[in-house]
There are 2 protein chains.
Amino acid sequence: MENRLRELRERDSLTQEDLAARVGVSRQTIISLERGRYNPSLLLAYKLARVFGLRIEDVFIFEDGKGDE
Amino acid sequence: MENRLRELRERDSLTQEDLAARVGVSRQTIISLERGRYNPSLLLAYKLARVFGLRIEDVFIFEDGKGDE
DNA sequence: CCCTGATGTAAAACTAACTTGACATGACGA
DNA sequence: TCGTCATGTCAAGTTAGTTTTACATCAGGG
């Protein structure tokens, strides 16, 4: 699953640490997410989207697999 | 975090087992989600929303905590 | 009355999300 | 050159999502 975190974070001139603090996770978590290493929890995805004033689907990009991804 | 899973599932006359199969998880997972026992992964939330033809934010309801939820 | 299907619980086990800490690198300014 | 800030890696540990199995209840149909 891809996402626009890095792009959005840089757009807002936020550091990884800033962003982590805003959504209440560690910096490692942000790094791993930006690198697409895993699939966040829904709540975290939601908080991130809100930081950027977007909807979840506008931040996280789901390969449009019809079937089983 | 609340959600409309039960309502939507019944609207579409799906059984918990049907829904579980459609999104590729176990029936227990659906039960726990309907009862609000936890916070799904983003991917699961996305698949569920798609089954019902909705957006994630239309299925899962985030108490609108400004701050730290 | 019994059988079956749908829903629910409980507990143990596994996996994936997330944390913590230690360390490496490149860019930049003093 | 030295310090520092932002980014990154790695590895080990904790927590929470998810699975599996086994069992209980209730409703409806034969």
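Rule-based calculations on the coordinates, nothing more; no lab input. This is a predicted model, so every value here is computed, not measured. For neighbour counting, all protein chains shown are included, and Cβ atoms are generated from backbone atoms with ideal geometry for every residue, glycine included.
Restricting attention to region B:21-56, the residues being near DNA strand C (Cβ under 10 Å from one of its atoms), closer than 27 Å to residue A:48 by Cβ and among the charged types (D, E, K, R) number 3. The helices (runs of 4 or more DSSP H) falling completely within chain A include none with 1 or more residues that are within 9 Å of chain B (Cβ to nearest Cβ), loosely packed, with under 14 Cβ neighbours inside 10 Å and away from DNA strand D (no atom under 11 Å from the Cβ). What about residue B:18, is it under 18 Å from residue B:53 (Cα atoms), near DNA strand C (Cβ under 8 Å from one of its atoms), without any contact (Cβ under 8 Å) to a residue 60 or more places away in the chain and not aromatic (Phe, Trp, Tyr)? In short, yes.
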